[in-house]
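The values are calculated or read from the model by the stated rules, or taken from the named source; none is laboratory data. All values derive from a computational prediction rather than experimental measurement. With ideal geometry, Cβ positions are generated from the backbone for all residues, glycine too; neighbour counts draw on all protein chains shown.
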């Protein structure tokens, strides 16, 4: 079971949650786009990755589709990948995948710390300004991320992460 706790400090938003999994299984949740699609968007807003280059300097393009067909597009650039942590830039894009730098974007770091049968995931986002952080919070980031993460135990229970 995962419990999400947030810490907010100026331009930083840190979410931590625990999983009943191995570090390798938790890593698959970020490395494998088919697994990401099962949890990255909150319930009712599934993610679809049209591009996913999991390598330093690689890029990802995705969209989440709402119940009414509305799409929200995003992009990542993988800045650093060093198991069991990775850093990427995350932001909004247009429907063609072109980053929209008028919208908030963040430098995100994911760290996996494990002990037998448990993994603590730390997901830190650093925005370029407090106003940018405030904007994503107003857009529902905390609730959406918490809802998305709540889907991970089901993904892990399916065995997909251990067979990837």
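What are the residues in segment 68-110 that are over 21 Å from residue 136 (Cα atoms) and at pLDDT below 95, if any? Lay out the reasoning, then the answer.
Initial filter on segment 68-110 (over 21 Å from residue 136 (Cα atoms)): 68-69, 79-86, 96.
Hit for segment 68-110 is 96, nothing else.
Criterion first (more than 16 Å from residue 31 (Cα to Cα), touching a strand residue (DSSP E or B) at 6+ places or on another chain (Cβ under 8 Å) and without any contact (Cβ under 8 Å) to a residue 12 or more places away in the chain) does residue 133 satisfy it?
Considered against the rule, which asks whether it is more than 16 Å from residue 31 (Cα to Cα), touching a strand residue (DSSP E or B) at 6+ places or on another chain (Cβ under 8 Å) and without any contact (Cβ under 8 Å) to a residue 12 or more places away in the chain, residue 133 comes out as no.
Residue check: is residue 93 touching a residue at least 24 places away in the same chain (Cβ under 8 Å) and over 17 Å from residue 15 (Cα atoms)?
yes
Which condition does residue 15 not pass, out of (1) touching a residue at least 60 places away in the same chain (Cβ under 8 Å); (2) more than 17 Å from residue 147 (Cβ to Cβ); (3) part of a strand (DSSP E or B), if it passes all the others?
Unmet condition: (2).
Just to be sure I understand, how many residues within segment 38-62 are in contact (Cβ under 8 Å) with a residue 24 or more places away in the chain and in a loop (DSSP other than H, G, I, E, B)?
So the answer is 11.
Confirm whether residue 17 is crowded, with 19+ Cβ neighbours inside 10 Å, at pLDDT below 95 and within 27 Å of residue 117 (Cβ to Cβ).
Considered against the rule, which asks whether it is crowded, with 19+ Cβ neighbours inside 10 Å, at pLDDT below 95 and within 27 Å of residue 117 (Cβ to Cβ), residue 17 comes out as yes.
Would you point out which residue out of 10, 57 is modelled with pLDDT of 95 or more and more than 14 Å from residue 148 (Cβ to Cβ)?
57 is the lone residue from the list that is modelled with pLDDT of 95 or more and more than 14 Å from residue 148 (Cβ to Cβ).
Residue check: is residue 102 without any contact (Cβ under 8 Å) to a residue 60 or more places away in the chain and farther than 20 Å from residue 22 by Cα? Steps first, please.
Values: without any contact (Cβ under 8 Å) to a residue 60 or more places away in the chain: yes; farther than 20 Å from residue 22 by Cα: yes.
Taking the combined requirement at face value, the residue satisfies it.
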